[in-house]
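Since every read-out is calculated from the coordinates, none of them should be taken as a lab result. Owing to the predicted nature of the structure, the values given are computational and were not obtained by experimental measurement. Quick reminder, even Gly has a Cβ in these numbers, built from the backbone with ideal geometry, and neighbours come from all protein chains shown.
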Amino acid sequence: MAITQIKSGKNEGKYRVRIQPTDNETGKTIPVPSRVTKTSSKREAKQLEEQMWVEYRARQEINLDVVNQPLSIALNNYVEEEKASGRWSSITTYDNWKYTVKLVSQYFGKKKVKDIKEKDMRNFARNYVKTHRTKVASHTTVDRQLQNLRGYFSTLNDVGITRNPVPMKPLSKFFRRDEMSLTKEKYVFTSSEIEAIKKEIYKELGVCRVNYWTTRVAILIALDTGMRPQEIQALKWYQIIDDGKFKVFKINDSWSEKEKHLNDHLKSRPRGESRLTLPLSEPLLQLLEKFHHHQLELLKENKLANSNDWLMLNITDYNLCSLGYPITQKSMNDMLKQLSKKVGVNNQNLNVSMYTCRHTVATKLGNTPGMSYPWAASRLGHSLKMFMRTYVHVDEDRNEEMLNIVKNTNIFS
C-alpha cells in the first residue's frame, strides 16, 4: 500500500508514504525513498503522497534533459562536474576519464544516453580492441574504459536508466575466453639478483660523485621497504624514526610526478594518515647517514637550500634542485634497468621498474614462514585482500625447494 500507518516505534500513529513509479521500458519499479508524516492525520498523508508525485515528475523533467543528450555530451558534463567538485585528487584520473569521453564521442557520435544498450557497449569494446590492436585482459585500457562507463551509468538510476548497459565483469561478457589474454606477468627479483644489484650499487657509490648517488640510494630503499616510487620521492630526512629496536620511515605523503607537487596524502588514504614502513637494514642506515652529510656539504658549497628536507632532492640538476624538486621516477627506473642489465638479471623480457622492487619485497614477505600477512600488507600500504591478490607471487627462490619436497616425500605414490 502507498500509505500505511506506523504501529510502533518513535513514529507510532503517523503514516509512512510511498510512491512506486515504474520504468516505461523495463516495467521495473523505480526506487523512491519513503517519507513519514509529521502528524497522525490521514489527510496530511494524502497531501504528502501528491507532493511526492509532483516532486518526482519535476525531477523526471530535469532528468529527461540528461537522457536525451548525446552520451558524449552528458558524459563530458559529468566528468567536468566531478573534477570541479574535487571528486578526483589526481589529474591522472581526470585524464583517464577525458580519454573515455574522447572514445565515446568518436564511436557513438550523437547517439543519446537513453538509446545506449548493452549490445552497443559490446560493439564499442570490440571495435576498440580491433582498431587499437590491443589485448583483452584485466587492467588494460579497454577494461578501464568499460569500468568508467559502468560507473557513469550507475549514477543514472534516478533518471530512469535502471538497467546498466555495462554489466559487471564486462570483458567476460563481451569477449570469448579464447579472445582474452592472461594479465601480463610481473617480474620478481631472485635473492641472488637482489644481492648482485646491491653489491653493484655500493661499488658504484665508491667511485661516482655524490650528485649521482640519489637514484641508487632510492633503489636500495625500495629493495628494503617495497615503497611505491612516489612515496620514496616524498621522503624527508626527519621521517627516519625508531620502531622498537629497528629504524623505519614514518610516511604520510607522496609526490605527483605530473603536477610537480605533493599529493598531501598516501595513495587511497585520508589526509594526515601515516604508516610505518618495513625496517631499514644496517648497511642502508649507515649509507643514509653518510649520504645526508654529503648532501648537506654539496648544498652548502653550491649555495643551494633543501627547505623541504627532501631525502631524494634532485642534486644532479641544480636548476631543479633550486626549485625544490625530488628526482624523477624515470631516472630511478632507468638506473634500475641499467643495473639489472649490468649484473645479468634474467627478467625474461618482462619489464623491470621500481615497482619490480615492490613486487619482489611483497613476494618475499608472502613466502616467509610465520609472516603475518595483515602486518605485511599494512607496512606496504595495502589492504590484505589487495596484498594477496596483487603482490603475492610465486617465489622462484622457493620453487626448486618445493619441487625437491614433492620428489623426496613421494606424495603421489
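State the extension gain, in nm to one decimal, for the chain segment bounded by K98 and N349, taking 0.36 nm per residue of separation less the distance between their alpha-carbons. The partial results should precede the final answer.
Working: separation 251, 0.36 × 251 = 90.36 nm, distance 3.22 nm.
Net length gain for the segment: 87.1 nm.
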Taking placed amide H atoms and a strict 5 Å upper bound, the residues 5 or more places from T277 or on another chain that come that close are F249, I251
Over 19 Å between Cα atoms, which of K203/K245; K260/K303; K245/K364; K199/K290 qualify?
-> K203/K245; K260/K303; K245/K364
Cβ crowding within 10 Å averaged over residues, with 34-44, 111-121 ranked highest first | 111-121, 34-44
Give the angle, between 0 and 90 degrees and rounded to the nearest 10, that separates the Cα long axis of helix 42-67 from the longest principal axis of the Cα atoms of the chain.
-> 60
re the range 191-354: pairs of Cα atoms spaced beyond 28 Å account for a percent value of 20
Candidate lysines for bridging to K135, where Cα separation is under 23 Å - those fewer than 8 sequence places away on the same chain excluded = K98, K102, K119, K169, K173, K184, K186
Rank-order 321-333, 362-374 by packing density, defined as the average count of other C-beta atoms within 10 Å over each peptide's residues, highest first.
-> 321-333, 362-374
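Using only the Cα atoms of the range 1-150, build the gyration tensor, take square roots of its eigenvalues as a ≥ b ≥ c, and label the shape rounded, prolate or oblate: rounded if a/c is under 1.5, else prolate if a/b is larger than b/c, else oblate. Please list the in-between numbers first.
Working: a/c = 2.84, a/b = 2.47, b/c = 1.15.
Prolate, since a/c reaches 1.5 and a/b exceeds b/c.
Kindly provide the trypsin sites (Lys or Arg not before Pro) of the range 190-268 that DSSP labels as loop, not H, G, I, E or B, and whose Cβ sees at most 14 other Cβ atoms within 10 Å.
On the way: sites: K198, K199, K203, R209, R216, K236, K245, K247, K250, K258, K260, K267; in loops: R209, K245, K258, K260, K267.
Taking the range 190-268 and a limit of 14 other Cβ atoms within 10 Å, the loop trypsin sites (Lys or Arg not before Pro) found are R209, K245, K258, K260, K267.
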For K114, go through the lysines and keep the ones whose alpha-carbon is under 17 Å away, minus same-chain ones fewer than eight residues off.
-> K28
Evaluate the distance, in nm, between pseudo-label points positioned 7 Å from the Cα of K258 and of E12 along their respective Cα→Cβ axes.
-> 5.8
Hey, how much of the P(r) for the range 71-179 falls beyond 17 Å, as a percent of Cα pairs?
-> 52
Just E12, E185, E81 to compare: in a GNM of the chain, with alpha carbon springs under 10 Å, which one fluctuates most?
-> E12
Assign one of three labels to the range 218-313, namely rounded, prolate or oblate, based on the Cα gyration tensor with a ≥ b ≥ c the square roots of its eigenvalues; rounded applies when a/c is under 1.5, prolate when it is not and a/b is larger than b/c, and oblate otherwise.
-> oblate
With Cα coordinates, the longest principal axis of the chain makes an angle with the long axis of helix 71-84, in degrees rounded to 10, of 60
Across W310, W237, W53, the residue with the highest GNM fluctuation in the chain (Cα network, 10 Å cutoff) is W53
Sequence-distant aspartates and glutamates (8 or more away, or on other chains) whose Cα lies within less than 20 Å of K46 = E12, E55
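Hey, any idea what Rg/Rh is for the chain, computing Rh the Kirkwood way over Cα pairs? Could you put the intermediate results ahead of the total?
On the way: Rg = 28.5 Å, Rh = 26.2 Å.
Rounded to two decimals, Rg over Rh is 1.09.
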Could you tell me how many degrees, from 0 to 90 and to the nearest 10, lie between the Cα long axis of helix 214-225 and the main elongation axis, the longest principal axis, of the Cα atoms of the chain?
-> 70
Between K236 and residues 5 or more places away or on another chain, which pairs have amide H atoms under 5 Å apart, with H built 1.01 Å from N, and which residues are they?
-> L311
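Determine the calculated [θ] at 222 nm for the chain from helices alone, applying -39500 (n - 2.57) to every DSSP H run no shorter than 4 residues and normalising by the residue count; nearest 500 deg cm²/dmol. Walk me through the numbers on the way to the answer.
Details: 15 runs with 199 residues, N = 413.
Counting only the DSSP helices, I get -15500 deg cm²/dmol.
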How large are Rg and Dmax for the range 3-67 when only the alpha carbon atoms are used, in Å?
-> 14.0, 42
